[in-house]
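Novice: Okay, here's the structure, questions in a sec.
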Amino acid sequence: MSRPVIRRVTAAVSAAAVVALGLGVGGGVASAAQTSATVTATNIVATKALLGTGSVHPGDVVTYRTSFSVNSAIDRYLNKITDVHPAGFTYVPGSAKVSTSSVTPSVDDANNKVSVSNSASAWMLSKTVGRTVSFEVSYKVPDNAPAGTFDSGLTFDVNTFGSTQTFNPIGVTVDVLAPAATTTTLTVQATATTGQAVDLTASVSPSTAGGTVQFKDGATDIGSPVTVVGGSATLSQSFATAGAHSITAVYSGGTGFAGSTSAASTVNVSAPDVATTTQLTVPSTAVTGQPVDLKAVVSPVPSGGSVQFKDGAANIGGPVNLTNGVATLSQAFTSAGAKSVTAVFSGIAGFTGSTSQASTVTVSNPAPNDVATTTAVAAPGSAKVGVAVDLSATVSPATAAGTVQFRDGGSNIGGPVTVTNGVATLSQTFTAAGAHSVTAVFSGAAGFLGSTSQASTVTVSEALPSDVATSTVLTAPASATAGVAVDLKAAVSPATAGGTVQFKDGDTPIGAPVNVTNGQATLSYPFTATGSRNITAVYSGAAGFTGSTSAKSVVEVAAAPGGGTGGGTGSLGSLFGSS
């Protein structure tokens, strides 16, 4: 049987255009797409149509449907149908259908063909019984497809025809449009802390662009791509390492839109600051015009910073620099009333700020008849590191109550010591060698003003293994009469030792320290209280000599006859000594 006559009913391109476009591939300047074409072979009519719009973008999917029928009473049978697609377009798996029934086609990417065959029974075309056949198939436009017009083709085999019916190109074209340019802008905060989430936000323009954004730290991806919605993509990111991080946002591009990359933004990431606490120590009461210490302790100890003391919302003085985590301010309140005092640590790099709990200082005005006081401090001229010595303060008048705060320069030594019968004594062990300027600050009390002693220097030296051990022997009378002076004597051996001796009644110093001369120290002392008095002599030690304390000596003090003061010194008791 001779080959049937083939006649083109509708053509989209001329023969010259077919040559220019090539078989199965179109190119050149974009133009209005020809979305359908009809061809005939004898009495077979084939119409290939592009479903949907003829203008697409890289990444889109296009679908072609070819419908077959006959225009005469002669029935025909199709053995094979081949759709020829533009070069580079790829078959969408599962999209091939013959007359709405899914089929498994033969895909020939090398020749841009997708074919279906039915050699066993063929597909019948009949005008008499109304039998038609359609072949539908979809392709994905390459993501990198250039702009232009792309043609397609069609071939089919008919039972009893001697050759394949070929219409390639057929003139059914698709216009691939160039993607629109985009810009991507990145918004990030300049600083962040490791382990704490911050938002990375990319804005893509035009806002109608779809696709995703990949955030990057240098060349490293941060998480997964984020879908662009309404022109925006946001990623919550927790940086794991400190340092400068160079962040960019890379827009992937989307249907009809080209990709773009933002300018880099630097996020400086630091380790989290260490939390601090501030504790405040203040006296519960104060008198206007008389200084009291406000003390703040910050922990853990920061490497610097300052503390601002406050009375309510008002600053008290200026910020006080921290030294080893401690800030002290000497403050004289100018008005009476309850003062709500706080200490506010400023915070520094690596340490958070903190505020103490409020403490109330009740400030009163001095009474019009308050008596002025004087305070004298008694301290040994020398001492050894690690060896306790007595610091004694005498407040005059002796009837003044209150407390004494001993101080070494600007630092408190221990806590306040209660004044008893005008005397306050503190046993102090110095931990550092050197000259220590000791003062005694009397707090004042109801009816008495506060006062501060002159400074007394204690020269503290390290205790050396070669220091000579000493012994101190106390000589005291076995009895005495109240109000009558008796001699208390201490003999320090070796006699070449210098230093001082502090006589004590129990734990209470008797008078001030007495200098040792030629190994002897004597105090003439009138007892004021009757009863058994437990007397000791405490030698301070000196350069090259250790300290020592005598054995206890009991002095029985009796009341003076008739309630007055007696005379004489009483008899001497035994000698007491220790080393």
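Nothing in this text is a laboratory measurement; each read-out follows from the coordinates by a stated rule. Everything quoted here is computed from the prediction, not taken from an experiment. For neighbour counting, all protein chains shown are included, and Cβ atoms are generated from backbone atoms with ideal geometry for every residue, glycine included.
Novice: Pull out a ≥ b ≥ c, the square roots of the eigenvalues of the alpha-carbon gyration tensor of segment 284-394, then state rounded if a/c is under 1.5, prolate if not and a/b is larger than b/c, and oblate in the remaining case.
Specialist: Oblate is the answer for segment 284-394, as a/c is 1.5 or above yet b/c matches or exceeds a/b.
Novice: Give me the dipole magnitude in Debye, nearest 20, for the chain about the Cα centre, with unit charges on the beta carbon: positive for Lys and Arg, negative for Asp and Glu.
Specialist: So the dipole magnitude of the chain works out to roughly 1660 debye.
Novice: Would you please give the residues with an amide H less than 5 Å from that of residue 378, counting only those at least 5 places away or on a separate chain, with H modeled from the backbone geometry?
Specialist: Residues meeting the criterion, in which the H sits 1.01 Å from N, are 392, 393, 394.
Novice: Over 32 Å between Cα atoms: which of 295/489; 80/140; 339/384; 97/127 fall into that group? Write out the running numbers ahead of the final one.
Specialist: On the way: 295/489 43 Å; 80/140 23 Å; 339/384 42 Å; 97/127 22 Å.
Pairs exceeding the cut-off: 295/489; 339/384.
Novice: Using only the Cα atoms of segment 170-300, build the gyration tensor, take square roots of its eigenvalues as a ≥ b ≥ c, and label the shape rounded, prolate or oblate: rounded if a/c is under 1.5, else prolate if a/b is larger than b/c, else oblate.
Specialist: prolate
Novice: OK, next. Collect residues whose amide H, placed 1.01 Å from N in the peptide plane, falls under 5 Å from the amide H of residue 320; neighbours closer than 5 in sequence don't count.
Specialist: Residues meeting the criterion, in which the H sits 1.01 Å from N, are 307, 308, 309.
Novice: Could you tell me the distance between the Cα centroids of segment 419-442 and segment 265-343, to the nearest Å?
Specialist: 26
Novice: Another question, if that's okay. To the nearest 500 deg cm²/dmol, what mean residue ellipticity at 222 nm is calculated for the chain from DSSP H runs of n ≥ 4 alone, each contributing -39,500 (n - 2.57), summed and divided by the residues?
Specialist: Mean residue ellipticity at 222 nm (helix-derived): -500 deg cm²/dmol.
Novice: Which residue, chosen from 542, 494, 483, occupies the Cα position most advanced towards the positive end of the dipole of the chain, where the dipole is computed from +1 (Lys, Arg) and -1 (Asp, Glu) charges on Cβ about the Cα centre?
Specialist: About the Cα centre, the residue reaching furthest to the positive side is 542.
Novice: Right, here's the next one. If the only charges are +1 at each Lys and Arg Cβ and -1 at each Asp and Glu Cβ, what is the size of the charge dipole of segment 449-561 around the Cα centre, to the nearest 20 debye?
Specialist: 140
Novice: Any idea which of 162, 33, 327 is furthest toward the positive side of the dipole for the chain, if Lys and Arg beta-carbons carry +1 and Asp and Glu beta-carbons -1?
Specialist: Farthest along the dipole direction, towards plus: 162.
Novice: In debye to the nearest 20, how big a dipole does segment 87-146 give about its Cα centre with +1 on each Lys and Arg Cβ and -1 on each Asp and Glu Cβ?
Specialist: Magnitude of the dipole: close to 320 debye.
Novice: Using the Kirkwood radius over C-alpha pairs as Rh, can you work out the diffusion coefficient of the chain via Stokes-Einstein at 25 °C, viscosity 0.890 mPa s, in µm² per second?
Specialist: Translational diffusion coefficient: 71 µm²/s.
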